[in-house]
Amino acid sequence: MKEIYVKDLRKDQEITEFFMAKTIAIKVGSNGKQYLDILLADKTGELSGKKWDVSDSEYPNLKSIEEKSIVKIKGLVTEWAGQLQLRVQRIRLASENDGQQMADFVKAAPEEPQKMFDYIHDVAEKMEDQDLRALCIRILDENREKLMYYPAAQKNHHAQLGGLLYHMKRMLMTGERVCQVYTNLNRDLVCTGVIIHDIEKINEIMSGQDGIATGYSFEGQMLGHIIQGVKTIDRMTIEMGFPREKAIMLEHMILSHHYEPDFGSPKKPLFPEAEVLHYLDILDARMFDMQDALQGTQPGSFSERVWALDNRKVYKASEGEK
């Protein structure tokens with residue numbers, strides 16, 4: 001039974017524990033020596049690991065360890081560039097006799113995928129705009145199978161089983177409340193933007209049914225989910241006989257939701273619903289990253305630096321200050 005999770009690890013801690021080898025490779029350092037580079041994971045997070053000076057006799061056994069394998073590792077928790085890292089001393093594949101359960105190693109959204117899907121589908125069904133309603137229902141129904149498990153990223157926010165649905169649902173919940181405050185907003189347009197803005201991640205990212213992303217597809221690498229999304233919406237709206245203005249506005253919402261050219265958006269939002277979509281997206285991403293960073297942080301202390309948060313540390317209030 002797994003006893004120590006990634007969130008529990010502290011610098012200078014010696015451990016012997018099971019983890020998933022999310023990625024694993026033998027590389028050659030600048031000194032010409034082989035080393036093992038491994039990304040360890042469990043349901044609470046990820047940890048980079050290194051086994052230095054891999055000998056030729058160790059090479060065959062280490063090379064036989066495949067990605068997503070469960071491994072038992074003995075090592076020392078160190079720190080590198082402000083991040084915890086495991087200096088691996090020994091590693092072996094787990095056996096059936098070790099009794100490990102895959103549920104301990106797969107990070108998953110905190111809500112059941114079917115319930116999240118039903119919530120999103122219900123929002124679509126209640127839309128008054130019949131064009132937008134039909135489009136959202138079609139997109140959800142055609143992609144239902146993958147949505148049940150797909151992550152929203154390979155490494156960043158919502159990189160977890162059901163993460164794409166979780167991201168979509170929380171954005172919808174916030175978006176509907178924003179529309180109650182800013183009554184000039186078209187609620188159906190905002191909700192449609194939420195449902196379609198990241199939908200092509202299911203074709204950009206490669207993922208198994210365990211929700212673990214293993215890389216990017218050819219088209220995902222060449223185009224990315226923003227351009228893929230624009231292509232999909234352009235095709236669907238033509239097939240469905242959409243008014244061209246409405247179709248272009250939807251495509252613009254996808255195109256501009258990252259806001260900055262450096263992050264993949266060649267256009268900034270040019271109407272209120274597109275602007276709101278960007279902030280719904282960034283808000284949910286930031287809240288996810290902060291919550292994730294604080295999961296393994298002791299009250300009254302700071303987390304490790306979080307690359308996705310501009311390399312900031314996040315503070316967790318003392319128990320008495322909550």
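Step by step: first the residues of the stretch 293-308, then only those that are in a helix (DSSP H, G or I) and touching a Ser or Thr at 6+ places or on another chain (Cβ under 9 Å), then the one that is surrounded by the most Cβ atoms within 10 Å (Cβ to Cβ). Which residue is that?
Per the criteria, the residue is ALA293.
Of ILE65, ILE73, which residue is within 28 Å of the chain's Cα centre (by Cα) and in a loop (DSSP other than H, G, I, E, B)?
ILE65
Hey, GLN101 hits all of (1) open to solvent by less than 40 Å² (accessible area, probe 1.4 Å); (2) modelled with pLDDT under 95; (3) polar (S, T, N, Q) but one; which does it fall short on?
(1)
Take the stretch 157-175 and flag every residue that is open to solvent by 40 Å² or more (accessible area, probe 1.4 Å) and either within 14 Å of SER207 (Cβ to Cβ) or in contact with a Lys or Arg (Cβ under 8 Å, 6 or more places away or on another chain) (or both).
LEU161
Just one of LEU39, LEU47 is free of Cβ contacts under 8 Å to residues at least 24 places away in the same chain and within 30 Å of PHE302 (Cα to Cα); which is it?
Within the list LEU39, LEU47, the selection yields LEU39.
Is it the case that some residue within the stretch 176-188 is under 15 Å from the mean Cα position of the chain (by Cα), among the aliphatic types (A, V, I, L, M), assigned to a helix (DSSP H, G or I) and more than 30 Å from ILE38 (Cβ to Cβ)?
no
Just one of GLY82, GLY49 is small (Gly, Ala, Ser) and in contact with a strand residue (DSSP E or B) (Cβ under 7 Å, 6 or more places away or on another chain); which is it?
Details: GLY82 fails: in contact with a strand residue (DSSP E or B) (Cβ under 7 Å, 6 or more places away or on another chain).
The conditions single out GLY49.
Got a number for residues in the stretch 9-53 being under 17 Å from GLN295 (Cβ atoms), acidic (Asp, Glu) and either in contact with a Ser or Thr (Cβ under 7 Å, 6 or more places away or on another chain) or open to solvent by 60 Å² or more (accessible area, probe 1.4 Å) (or both)?
1
Condition first: without any contact (Cβ under 8 Å) to a residue 40 or more places away in the chain and buried (at least 17 other Cβ atoms within 10 Å of the Cβ). Now tell me which residues in the stretch 201-216 satisfy that.
Correct list: ASN203, GLU204.
The values are calculated or read from the model by the stated rules, or taken from the named source; none is laboratory data. Because the structure is predicted, anything quoted here is derived from the model rather than measured. No Cβ is skipped: glycine too gets one built from the backbone with ideal geometry, and neighbour counts run over all protein chains shown. Just the protein is used for accessible areas: all its heavy atoms, side chains included, with ligands, DNA and RNA removed. Shrake-Rupley method; radii C 1.70, N 1.55, O 1.52, S 1.80 Å.
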